[in-house]
Amino acid sequence: MQVSEFIKNLKPYVPGRSIEEVQRQYGLKEIIKLASNENALGPSSKVVEAVQLAARDVHLYPDASYYECKKALSEKYNVPADMISLGNGSNESIDSLIRIFCEPNKDRVLISQASFVAYKVCAHVNRIYVDEIPLRENFEVDTQKMSLSFKQHRIIFIPNPNNPTGRYLSHKNLEPLLKVAENNPNALLVLDEAYCEFVRAQDYPDSIALLKKHKNIVLLRTAAKVFGMAGLRVGYMFAHPEIIQLVEKARLPFNVSVPAVAGLKAALQDDEYIRNSQKMVWEGLDYFYSELKKMKLPYLESQGNFIFFDLKKDAGIVFEDLLRKGVILRPVKNYGFETHMRMTVGTRRENEIAIQSLKEVL
Ligand SMILES: Cc1ncc(COP(=O)(O)O)c(C=O)c1O
């Protein structure tokens, strides 16, 4: 079958191993999955209630304009409704931006090495070239080098904080790319803030203020992390009205389902659940820091809901050994790290079991 070289050479997104699969393979009852940066709290009861109520309406299409949901987002984040678009997870928004703003077989996007894999996959699916800039030695995105490498790229994708490293960019470190955005009104600077609610760093950029200053900055947020709604598939984009109009025109109709919209509206009001998610993640990270320190395994301080650490041996072997114990973590060889592992923060019990299992297999 004749097909584009981009598609032939595609390295698809490989999701983490599922609980059912590992249960079957090793005949285990309990599985601890800390592999996909999901929210270990389980869903908010308010979201469950809203989804159950919305189930009565699933014979109907959703409101095509998502008016109520955008209004709720607008009120919560103080962003005008005409600067908001919903996506079927931020993954869809990443794909939409590439489809809309890049010309196949011609345009290029600029990313950092070891940034969230969807940028590259979506670009290649859409026959767009990708230039990837190496990380700094301290695993930080090298915004200086990225700005110097900018050559009329149509989109720069910056995950902040980054997955899988958990590193973040301060306002100061973002500045070289803000300059690029300022000097190149035809390029988009996309700040993917999937984990922003977990950031504890004081100098994390105020991206909503940046959005109001720069017409070509796009923010991506998701309900999959702090709101605990990964399975419902909904994310939202904040951008200048001109960009939003194009995205709205080109998106699939009814791209976000009735239960997902209802769930998001409920989640936006559930401050207690958000606080509990943050508390769980921050306590879990602090626990991981102290345990990994005792185990003498180097790690990066994380601003996400996961930790990136060095096993100092082949991560594939450790991954398999942990699977036999019913613990699923995420090796990151696909990002070029042979001995590193990414571990999502779970509940206290899950974290303790994961650390105990790591001690046993190492
Ligand atoms: C940096 C980053 N952006 C976006 C996403 C995807 O979010 P969604 O589930 O909304 O598609 C993830 C998911 O892990 C992520 O790590």
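The values are calculated or read from the model by the stated rules, or taken from the named source; none is laboratory data. Values in this document were obtained by computation on a predicted structure and should not be read as measured data. Note that each Cβ is placed from the backbone with ideal geometry, even for glycine, and that neighbours are counted across all protein chains shown.
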Helices (runs of 4 or more DSSP H) fully within region 136-215 counting 1 or more residues that are under 18 Å from Ser115 (Cα atoms): 143-149, 171-183
Could you count how many residues in region 127-154 are surrounded by 17 or more Cβ atoms within 10 Å (Cβ to Cβ) and among the polar types (S, T, N, Q)? 2
Within the set of pairs 6 or more residues apart or between chains, which connect a residue that is in the same structural domain as Leu264 (by TED's automatic domain parsing) and of a type in the set (Ser, Thr, Tyr) inside region 222-233 to a residue that is in a helix (DSSP H, G or I) and near the ligand (Cβ under 7 Å from one of its atoms) with Cβ atoms less than 9 Å apart? Thr222/Ser90; Thr222/Asn91; Thr222/Ala230
Among the numbered criteria (1) more than 15 Å from the ligand (Cβ to nearest atom); (2) part of a helix (DSSP H, G or I), which single criterion is violated by Lys106? (2)
The one condition in (1) near the ligand (Cβ under 10 Å from one of its atoms); (2) modelled with pLDDT under 95 that Asp192 fails to fulfil: (2)
Could you pull out the residue among Ser96, Ser115, Ser65, Ser74 that is outside any strand (DSSP E or B), in the same structural domain as Glu248 (by TED's automatic domain parsing), without any contact (Cβ under 8 Å) to a residue 24 or more places away in the chain and under 23 Å from the mean Cα position of the chain (by Cα)? Ser74
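Condition check ((1) over 21 Å from Val117 (Cα atoms); (2) at pLDDT below 95; (3) outside the structural domain of Pro159 (by TED's automatic domain parsing); (4) in contact with a helix residue (DSSP H, G or I) (Cβ under 7 Å, 6 or more places away or on another chain)) across all residues:
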{"residue": "Met280", "(1), (2), (3), (4)": "yes, no, yes, no"}
{"residue": "Leu297", "(1), (2), (3), (4)": "yes, no, yes, no"}
{"residue": "Leu311", "(1), (2), (3), (4)": "yes, no, yes, yes"}
{"residue": "Val318", "(1), (2), (3), (4)": "yes, no, yes, yes"}
{"residue": "Tyr335", "(1), (2), (3), (4)": "no, yes, yes, no"}
{"residue": "His340", "(1), (2), (3), (4)": "no, no, yes, yes"}
